[in-house]
Amino acid sequence: DTEVTQTPKHLVMGMTNKKSLKCEQHMGHRAMYWYKQKAKKPPELMFVYSYEKLSINESVPSRFSPECPNSSLLNLHLHALQPEDSALYLCASSQALSAGGHYEQYFGPGTRLTVT
Amino acid sequence: AQSVAQPEDQVNVAEGNPLTVKCTYSVSGNPYLFWYVQYPNRGLQFLLKYITGDNLVKGSYGFEAEFNKSQTSFHLKKPSALVSDSALYFCAVRDYYNFNKFYFGSGTKLNVKP
């Protein structure tokens, strides 16, 4: 099974709402990632978890809060977002980073987020 | 610093013709290079990677890529394009000193006309 699943597929939220994005993989990967992608642009790295610990935060605003409850799950909690945060949010996973940099990432289908 | 560049925003090719999508890289240390494809409203799908060894790398869906160290290039190729190959293609490099980081190129839109 080389699948990364993400829920929901689409999300519309107001600027005062709190919502969460979920990501799950069962490939035994110990590195998980959140990316933000605007239309026709490359993905921008937001967060990296390695062995369930946050290893990279790319200066992301605090209205985005990641969580890795276990080795298969990754959440992104959203609060007080701005319209410019509307984008496709992609989750990815890969083999443990300590095992070497030659492992590819597997991406989920993404959550299309619209902030109104 | 690690980076990749995709000099073409768009590539147009007729079905059945060979296709090339260009990528050049700038890295410190040995490069770990990847190609991904993205169909509309979908996540990225891994196509192939270069780690070491043979300069010609074969991947999914009939794609291959040629690693050229002297030209610092990693171009994606396919001998005969299909309409279904039309998509957005990204070249990426993994940071040799921080494996947590991938650097993506700006993307190339491939249009295959019937």
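Taken over the stretch A:70-90, the criterion of being out of contact with any Phe, Trp or Tyr (no Cβ under 6 Å at 6 or more places or on another chain), under 17 Å from residue A:3 (Cα atoms) and within 13 Å of chain B (Cβ to nearest Cβ) is satisfied by A:89 alone.
The rows are residues; the columns are (1) touching a Phe, Trp or Tyr at 6+ places or on another chain (Cβ under 7 Å); (2) more than 12 Å from every other protein chain (Cβ to nearest Cβ); (3) on the phi > 0 side of the Ramachandran plot.
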{"site": "B:29", "(1), (2), (3)": "yes, no, yes"}
{"site": "B:72", "(1), (2), (3)": "yes, yes, yes"}
{"site": "B:76", "(1), (2), (3)": "yes, yes, no"}
{"site": "B:91", "(1), (2), (3)": "yes, no, no"}
{"site": "B:101", "(1), (2), (3)": "no, no, no"}
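The residues of the stretch A:50-61 that are among the hydroxyl-bearing types (Ser, Thr, Tyr) and more than 9 Å from every other protein chain (Cβ to nearest Cβ), listed by number, are A:51, A:59. Restricting A:47, A:64, A:107 to those that are more than 12 Å from every other protein chain (Cβ to nearest Cβ) and aromatic (Phe, Trp, Tyr) reduces the list to A:64. Take the conditions (1) without any contact (Cβ under 8 Å) to a residue 12 or more places away in the chain; (2) in a loop (DSSP other than H, G, I, E, B); (3) crowded, with 20+ Cβ neighbours inside 10 Å; residue B:57 misses just one of them, which is (2). Taken over the stretch A:1-28, the residue count meeting the criterion of being assigned to a loop (DSSP other than H, G, I, E, B), within 13 Å of chain B (Cβ to nearest Cβ) and modelled with pLDDT of 95 or more is 1. Residues in the stretch B:5-48 that are surrounded by 16 or more Cβ atoms within 10 Å (Cβ to Cβ), without any contact (Cβ under 8 Å) to a residue 60 or more places away in the chain and not in a strand (DSSP E or B): B:42, B:43.
Condition check ((1) in contact (Cβ under 8 Å) with a residue 60 or more places away in the chain; (2) farther than 22 Å from residue B:39 by Cα; (3) of a type in the set (A, V, I, L, M, F, W, C)) across all residues:
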residue	(1), (2), (3)
B:66	no, yes, no
B:75	no, no, no
B:82	yes, no, yes
B:86	no, no, no
B:91	yes, no, yes
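Of everything in the stretch B:68-90 that is hydroxyl-bearing (Ser, Thr, Tyr) and in a strand (DSSP E or B), the residue that is surrounded by the most Cβ atoms within 10 Å (Cβ to Cβ) is B:89.
Residue B:65 meets each of the listed conditions (1) under 30 Å from residue A:52 (Cα atoms); (2) assigned to a strand (DSSP E or B); (3) more than 10 Å from chain A (Cβ to nearest Cβ) apart from (1). Considering A:31, A:87, the condition of being closer than 22 Å to residue B:100 by Cβ and at pLDDT 95 or above is satisfied by A:87 alone.
The values are calculated or read from the model by the stated rules, or taken from the named source; none is laboratory data. The structure presented is a predicted model; accordingly, all values stated were derived computationally and were not measured. Cβ atoms come from the backbone with ideal geometry, glycine included; neighbour counts cover every protein chain shown.
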